[in-house]
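The values are calculated or read from the model by the stated rules, or taken from the named source; none is laboratory data. This structure is a prediction, so every number in the text was calculated from the model and none was measured. Positions of Cβ are backbone-derived with ideal geometry, glycine not excepted, and every protein chain shown enters the neighbour counts. Heavy atoms of the whole protein, side chains included, go into the accessibility calculation; ligands, DNA and RNA do not. Shrake-Rupley method; radii C 1.70, N 1.55, O 1.52, S 1.80 Å.
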Amino acid sequence: MTPQERLRKHQRALEKTQRELDRERVKLEQQERKLIADIKKNAKMGQMGSVKVMAKDLVRTRRYIQKFYQMKTQLQAISLRIQSVRSNQQMMQSMKGATQLLGSMNRSMNLPSLQKIAMEFEKETDIMDQRQEMMDEAVDESMENDEEESDEIVNQVLDEIGVDLNQALGATPNAIVGVGQEAREPAVAQAIGGGGSADDDLQARLDSLRR
């Protein structure tokens, strides 16, 4: 039998004893009331000898009733102490279970393993960041290559029609500040020059680029 079960058994025994004391006390209180009634009856009849004897019984009965009250009070105090011990025992059991649980959790948590996992996670994160940077650089280079190819196509077209892109851009400020129409028209005519054969050749090159 465990200590907790023994404490519970003793507490039940004390509660049973208290109930028995209450029953005996109730009987004595009934006897007390009967003695009081008999004393009054015999006193009225003038039987003083019987009255004295019953008076002594009444005193003893009242003393026993007082003792039963005292005994019950003592048993209640003991029962309360047992209840306190049971509560402390339960608290100890709960704390013991919680301590064992924490111990098992601490043992299952392998700190070197956690550190290794953290280092591997950091390493893989760095690798992912590096790959992302490489992909971003590749995309940027691809876009730069597309821009270069588009510039080459524009330059090729301008070469075919006889216009230099740098010269055209350099001539733009002159047009803004008000160079005469006569100065611009010969340049445009010269750029277009060559008649219909040049246009056909340009159209053929554009068609080949579309393919």
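For this structure, a couple of remarks:
- Residue within segment 86-99 that is under 23 Å from the mean Cα position of the chain (by Cα), in a helix (DSSP H, G or I) and not hydroxyl-bearing (Ser, Thr, Tyr) present: yes
- For the condition without any contact (Cβ under 8 Å) to a residue 40 or more places away in the chain and either assigned to a helix (DSSP H, G or I) or within 33 Å of the chain's Cα centre (by Cα) (or both), Phe121 qualifies.
- Cβ separations smaller than 8 Å between residues 6+ apart or across chains give the following pairs from segment 1-16 residues that are modelled with pLDDT under 80 to residues that are loosely packed, with under 15 Cβ neighbours inside 10 Å and charged (D, E, K, R): Met1/Lys9.
- Complete set of residues in segment 10-28 that are open to solvent by 60 Å² or more (accessible area, probe 1.4 Å) and over 30 Å from Arg86 (Cα atoms): Val26, Lys27
- Candidates in segment 29-52 are the residues that are surrounded by 15 or more Cβ atoms within 10 Å (Cβ to Cβ) and either of a type in the set (A, V, I, L, M) or touching a Cys at 6+ places or on another chain (Cβ under 8 Å) (or both); of these, the one that is nearest to Tyr69 (Cα to Cα) is Leu35.
- Exactly one residue out of Gln74, Gln83 is within 30 Å of Leu7 (Cβ to Cβ), open to solvent by 50 Å² or more (accessible area, probe 1.4 Å) and in contact (Cβ under 8 Å) with a residue 24 or more places away in the chain: that is Gln83.
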